[in-house]
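**Q** Quick one: structure below, then a few questions.
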C-alpha cells in the first residue's frame, strides 16, 4: 500500500491509498480534472508534463497548479511569451532577433535592436499568436545533445543561446518546428492562453497579460512613463558598459576586464546620486527627502550615499526613522486572515508623524518617539529634533511615495525618490532576469547572512512581501520626482557563491523546491566574481557585508 496526497496550489485536497502501481496520467484525470483553471502539475514538488508516463508506486504528493495562483500566473506569462516568440519567428523568419526586455504595467516590453515596429507588424503578430493558440499546439520539453542544439539555434540566428552550450546536453522547448531555450515552466500546449493583447510602444511592443483572477485584460494600457524612462536609461548604461547578455559579463571575468566594468558601473551609480544631490541643493525649498522602494532595493545604502553628497554640498541631512511612528500593537490594522498588517500605511501614527513634520519644518523643536518592537508600544527616545539652517530631513520607508504619509508638508518642500533594483541583464534574448528575482536573491542572501533565516523561511514569506508591495508601493511609484535603479549588472556573479548553498539546502520535499531550482538555473549561467572587486560603498555590500556604512 502507498498513499498519494492531492493538493491544489499547495492546499490539501485529499489523500488516496493504492494497493497497486498506477500511471500518473490516470490519477490526474480522475482527481484533478475540472478543479479550476489548472495550468501545470508537480510530482513531489517537481514540474511534469500532463502526458508524463511516470508510474507511481510509493508515497507521492501531486500538486495541481491553477491559473489564478501566483505560480500559475508566472507559467501563463511564460507560455504567452513563448507563443509571441514563435509568432515572431514565423513572420520575421530568422532575419531579426526579438529581445524580451522588462515588465511594464501589466505586460512585458520587447524590442528588436535598431529596429522600429510598424502598426501593420503589430497586427500581424497579434493574428499569428491567435492562430498558434487556436491550433492548440503541444509544447514539448525535450533534451538535445549540444551539437544538435547548436545546429538548430544557429539556423534560428540564436547565437545568444549557443553560448549556454557548456554541457553535453540541453533541455529545450519545442512547438511545431520552433525551438527555444527557456528557464521557466510553460503550459503543455498553446490553448491555455485565453487572453492577451499586443500594443505598439515605439520602438518596440508590449505583450499584455490578463488579470490572474478574472483572466481578462484590465481596460486600456496605462504606461508608467517615469518607470519606462528609467528602464530606457538603463539600456543606455548597458551600451556604455558594452554588455547586453550575461555572456558579456562572463567574457569580462575570463579576460580579467571585470574590474574595469565594475568601476564604470559603480561610477554611473555615483553620478546619478550626485545629480540628485545637486538638484536638492539648488532647490532651497526642499526640506524633506522621502525615499521608498520595494524590499531589497538598497534603499538604506542609497540614503547614506546621498547623505554624503549632500554634506559635500553644505547640507546636513538628518535621517528620521519611519518605523518609530508605528501605532501601538493594539491599534495595528489586520489583514483578512487576522494577521497584523504592518505594511499598511495605517499601521503608522499618521497624525503624530504629520504634526511632528509640520513643527520641525516650521523651525520648532519636537521630541522624537522610539518604538519598542518587542512590547509593541511607543516610548520616549529622550531625543529632540530641531532643524537648523542648511539641515534637511531624510525619511526612508515603503510609504515614502504615498502622499498620505506626509500630507502636512507642502509639495514644494518635499522630494520623493523611488529606489528599486530594476531590469537586470538578460541571460539571452528570450530569458530575462525579472526585477523580483534580482531582489529575491538579494534578500535570500541578506536574510541568511544577517537575520539567521533559512532559504525556505525567506521563500515562505516572499509572496506576502510581494502582496504588500503591490498594495503599498507600486501604485505610487509614478509619484516619484526621481527614480534610481539600484541594480548592478555584475551582482549575480558576486551573489552566486552565497546563493547556491542556500538554494541547495532546500530539499526536494519542500514546497519551495521548484522555485529554488528555478533560481539555481538562473545563477548557473553566470561566472563567479570575487568580493574583493566590489567597492566598500557599493549598494551590493548591504547584502554581502564589508560595507563602510553601518546598518
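Read-outs: derived from the displayed coordinates by stated rules, not from any lab. What you see is a predicted model; the values in this text were computed from it and never measured. Neighbour counts run over all protein chains shown; Cβ positions are idealised from the backbone, glycine included.
**Q** Among DSSP beta bridges whose residues both lie in region 2-66, state the antiparallel percentage, nearest 5.
**A** In region 2-66, DSSP labels about 75 percent of beta bridges as antiparallel.
**Q** Against the longest principal axis of the chain, how steep is helix 491-504, in degrees 0 to 90 to the nearest 10, with axes from Cα atoms?
**A** Between helix and principal axis, roughly 60 degrees.
**Q** With the Cα gyration tensor of region 386-439 giving a ≥ b ≥ c as the square roots of its eigenvalues, does the rule (a/c under 1.5 for rounded; else a/b larger than b/c for prolate; else oblate) give rounded, prolate or oblate?
**A** Note, shape of region 386-439 comes out prolate.
**Q** Can you order the peptides 294-307, 329-342 by their average number of other Cβ atoms within 10 Å per residue, highest first?
**A** Output ranking for 294-307, 329-342: 294-307, 329-342.
**Q** I would also like to ask the following. Of the beta bridges DSSP finds with both residues in the chain, what % are antiparallel, to the nearest 5?
**A** Expressed as a percentage, antiparallel bridges in the chain total about 65.
**Q** Work out how much length residue 284 to residue 550 would gain on full extension: take 0.36 nm times their residue separation and subtract the Cα-Cα distance, in nm to one decimal.
**A** Taking residue 284 through residue 550 to full extension adds about 92.8 nm, to one decimal.
**Q** Under a crude label model (7 Å from the Cα following the beta-carbon direction), how far is residue 386 from residue 332 in nanometres?
**A** According to this spin-label approximation, the distance is 3.5 nm.
**Q** Right, here's the next one. Among 81, 6, rank each residue by its count of other Cβ atoms within 10 Å, from fewest to most, as a rough exposure measure.
**A** 6, 81
**Q** Report the paramagnetic label zone for residue 25: residues of region 48-90 whose backbone N is under 13 Å from a point 7 Å from Cα along the Cα-to-Cβ axis.
**A** Correct set: 49-55.
**Q** Can you compute the helix-only [θ] at 222 nm over the chain? Use -39500 (n - 2.57) per DSSP H run of at least 4 residues, normalise by all residues, nearest 500 deg cm²/dmol.
**A** Only helices count here, giving -11500 deg cm²/dmol.
**Q** What is the distance in Å between the Cα centres of region 348-412 and region 456-475?
**A** Spelled out, the Cα-based centre of one part sits 26 Å from the other.
**Q** Tell me whether region 267-403 comes out rounded, prolate or oblate; compute the Cα gyration tensor, take square roots of the eigenvalues as a ≥ b ≥ c, and use a/c under 1.5 as the rounded threshold.
**A** oblate
**Q** Right, here's the next one. Let a ≥ b ≥ c be the square roots of the eigenvalues of the Cα gyration tensor of region 1-119; is it rounded (a/c under 1.5), or, if not, prolate (a/b larger than b/c) or oblate?
**A** prolate
**Q** How would 54, 79 line up from fewest to most surrounding beta-carbon atoms within 10 angstrom?
**A** The most exposed by this proxy come first: 54, 79.
**Q** Can you give the relative contact order of region 175-219 as a percent, counting alpha carbon pairs under 8 Å and 6+ residues apart?
**A** This gives 26 percent for region 175-219.
**Q** What number, in percent, do you get for the relative contact order of region 227-544 if the mean sequence gap of Cα pairs under 8 Å and at least 6 apart is divided by its residue count?
**A** 24 percent
**Q** Within 10 Å of each residue's Cβ, count the other Cβ atoms and sort 404, 465 from fewest upward.
**A** 404, 465
**Q** Between region 86-112 and region 255-277, how many Å separate their Cα centres?
**A** 30 Å
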